[in-house]
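Here the structure comes first, spelled out in structure tokens, and everything after it is commentary.
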Amino acid sequence: MTTLANVALGTAIALVVAAAMEPWARLLHGRVWHHRLWTIHRSHHGRREGRFETNDALSAAHAPFAAALVVIGCNLHGWLSAVTIGVGAGMTLFGISYVIVHDGLVHGRLPVAFLSKIPALRRIRDAHAVHHAKGAAPYGLFLGPRELGRTRRLVTQIPHARGARPSAPRTPDQAPEAPRDTRSDGAPRSA
Ligand SMILES: [Zn+2]
Ligand SMILES: [Zn+2]
């Protein structure tokens, strides 16, 4: 393969992997963080003391793997190098986007409030605010508005679902805490 073809292959793989990270992150968030790893994730659903929260470890968990893939890929050749770097770059692209939108825009940890001028990002912010308020779906971030719409349709269409318990832990020691202080734009500060 030519160098150009390898660049095109790596770019395509990076975009596919970045897109695939959303359902993966949603699965982890809903099935693992709100259950087995709730003791860590709950720091994101309570008031943050200082700049960091224990949950940051979960947010950064994929970073070493992404960085390792890029480094390994740089030491390979041809299409194998393109594929390896592409996977690592896709994970990195998703991770950076997640930090900017989730930690920056939604929770105000980065000076990116100007992003709320973009309607699609406002919808993402508002959908994630619902997750924080209820400790339940949507568990995805970028597709949170879509997930929220689907969840609401299900609750509306299935009579018994109206009284269904959310999938987040609800035992006294596990239940998500009340949403954190809110910004003037209505978004929670963290969680
Ligand atoms: Zn959560
Ligand atoms: Zn959050």
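For segment 34-54, the set of residues classified as within 15 Å of ligand 2 (Cβ to nearest atom) and closer than 16 Å to Val99 by Cβ consists of His44, Arg48, Phe52, Glu53, listed by residue number. Picking from residues in segment 105-123 that are part of a helix (DSSP H, G or I) and within 11 Å of ligand 2 (Cβ to nearest atom), the one that is surrounded by the fewest Cβ atoms within 10 Å (Cβ to Cβ) is Leu105. Residues in segment 139-154 that are without any contact (Cβ under 8 Å) to a residue 60 or more places away in the chain and either within 12 Å of ligand 1 (Cβ to nearest atom) or in contact with a Ser or Thr (Cβ under 9 Å, 6 or more places away or on another chain) (or both): Gly144 only. Of the candidates Gly86, Gly104, Gly95, Gly78, the single residue that is at positive phi and in contact with a helix residue (DSSP H, G or I) (Cβ under 9 Å, 6 or more places away or on another chain) is Gly78.
A count restricted to segment 12-56 and to residues that are in a helix (DSSP H, G or I) and either within 10 Å of ligand 1 (Cβ to nearest atom) or of a type in the set (Asp, Glu) (or both) stands at 9.
Answer with yes or no whether Ala19 is closer than 20 Å to His128 by Cβ and in contact with a Leu (Cβ under 9 Å, 6 or more places away or on another chain). In short, no. Of the set (1) surrounded by fewer than 15 Cβ atoms within 10 Å (Cβ to Cβ); (2) not in a helix (DSSP H, G or I), all apply to Val7 but (2).
We did not get these values from a lab; they are worked out from the coordinates using the rules stated. Keep in mind it's a predicted model, so treat the numbers as computed, not measured. Every residue, glycine among them, receives a Cβ derived from its backbone with ideal geometry; neighbour counts consider all protein chains shown.
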